[in-house]
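Colleague: After the structure tokens below, expect a handful of questions from me.
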Ligand code: SF4
């Protein structure tokens, strides 16, 4: 008989010559993937931290710093759960701030231009890596900042989506203004949880892989069904272990 008592999941994951050991409390109740996201985001933070430590131990200093928002002008594909999470985060902001953020979303879409936005709405093409690259280049050339970027800082830093967390570079920060494969050296993150989350759908495998451009998070957000959280979490961890 399910109770609301959280269930403790023992996790042990070895990556980059280090081991994460944690006991993760998961509520024993039905939830949406979006509700499980805080746990999954902390997990992603730990994985990325291990990759960053490894890079620095090899003499490759991370050049990403607060106040450098060059990468925040890129097309950021997020999962459906993250779109729900961000839309609810915005909806919970105080009225004045919420109005300003919603305005920035509208301004960003206007600056990208309707033809490009229409193509971004056709999220089916995100499955195709080549099409995603072309869209990504066009998007970056517009120079449109993420609506959450304020004074070159992420205004939702603790809540930022996985792709933002997983992008760290060791090349000079100024190279990110005009990034190329030769001039920008990203940190190699051994397991990108964002990739699992794109395919995670509703948490039990009943929805297809979906990518949503962050800039469309407030409009493409969908309903998420609820499932027992322990089952979803086990499903996520089993995908990490492959
Ligand atoms: S969510 Fe934050 S880190 Fe991610 S692109 Fe936007 S401003 Fe940058």
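Colleague: What whole number of Å gives the distance from the Cα centroid of the stretch 151-170 to the Cα centroid of the stretch 220-242?
Modeller: Computed from Cα coordinates, the inter-centre distance equals 23 Å.
Colleague: Pick from 151, 53, 202 the residue whose mean-square fluctuation is largest in a GNM of the chain, springs joining Cα atoms under 10 Å.
Modeller: Evaluated over the chain, the most mobile residue of the options is 151.
Colleague: Please state the shape class of the stretch 1-104: rounded when a/c is under 1.5, otherwise prolate if a/b exceeds b/c and oblate if not, all from the C-alpha gyration tensor.
Modeller: Note, shape of the stretch 1-104 comes out oblate.
Colleague: Follow-up question, since we're still on this one. What shape does the stretch 126-197 take by its C-alpha gyration tensor, where a ≥ b ≥ c are the square roots of the eigenvalues and a/c under 1.5 counts as rounded, a/b above b/c as prolate, and the rest as oblate?
Modeller: rounded
Colleague: Given the -39500 (n - 2.57) contribution per DSSP H run of 4+ residues, what per-residue ellipticity at 222 nm results for the chain, rounded to the nearest 500 deg cm²/dmol?
Modeller: The helix contribution divided over the chain gives -13000 deg cm²/dmol.
Colleague: Here's another thing I want to ask about it. How far apart, in nanometres, would the label points at residue 12 and residue 68 be if each is projected 7 angstrom from Cα along the Cα-to-Cβ direction?
Modeller: 3.8 nm
Colleague: While we're looking at this one, here's another question. Pull out a ≥ b ≥ c, the square roots of the eigenvalues of the alpha-carbon gyration tensor of the chain, then state rounded if a/c is under 1.5, prolate if not and a/b is larger than b/c, and oblate in the remaining case.
Modeller: Note, shape of the chain comes out oblate.
Colleague: Further question on the same structure: Please work out the Cα center distance from the stretch 1-70 to the stretch 178-203, rounded to the nearest Å.
Modeller: What the calculation gives is 15 Å, centre to centre.
Colleague: Among 115, 213, 228, determine the one that fluctuates most according to a GNM of the chain built with springs between C-alpha atoms less than 10 Å apart.
Modeller: Per the Cα network of the chain with a 10 Å cutoff, 115 tops the list.
Colleague: Rank these for me by crowding, 180, 170, going from fewest to most other beta carbons within 10 Å.
Modeller: 180, 170
Colleague: Could you check the spin-label model distance between residue 180 and residue 23? Points 7 Å from the Cα along Cα→Cβ, value in nm.
Modeller: For residue 180 paired with residue 23, the spin-label model returns 5.4 nm.
Colleague: Then there is this: Name the residue, out of 116, 129, 89, whose mean-square fluctuation peaks in a Gaussian network model built on the chain with Cα pairs under 10 Å.
Modeller: In the Gaussian network model the winner is 129.
Where a number appears in this text, it was derived from the coordinates with a stated rule and is not lab data. In this text, all values refer to a predicted model and were calculated from it rather than measured experimentally. No Cβ is skipped: glycine too gets one built from the backbone with ideal geometry, and neighbour counts run over all protein chains shown.
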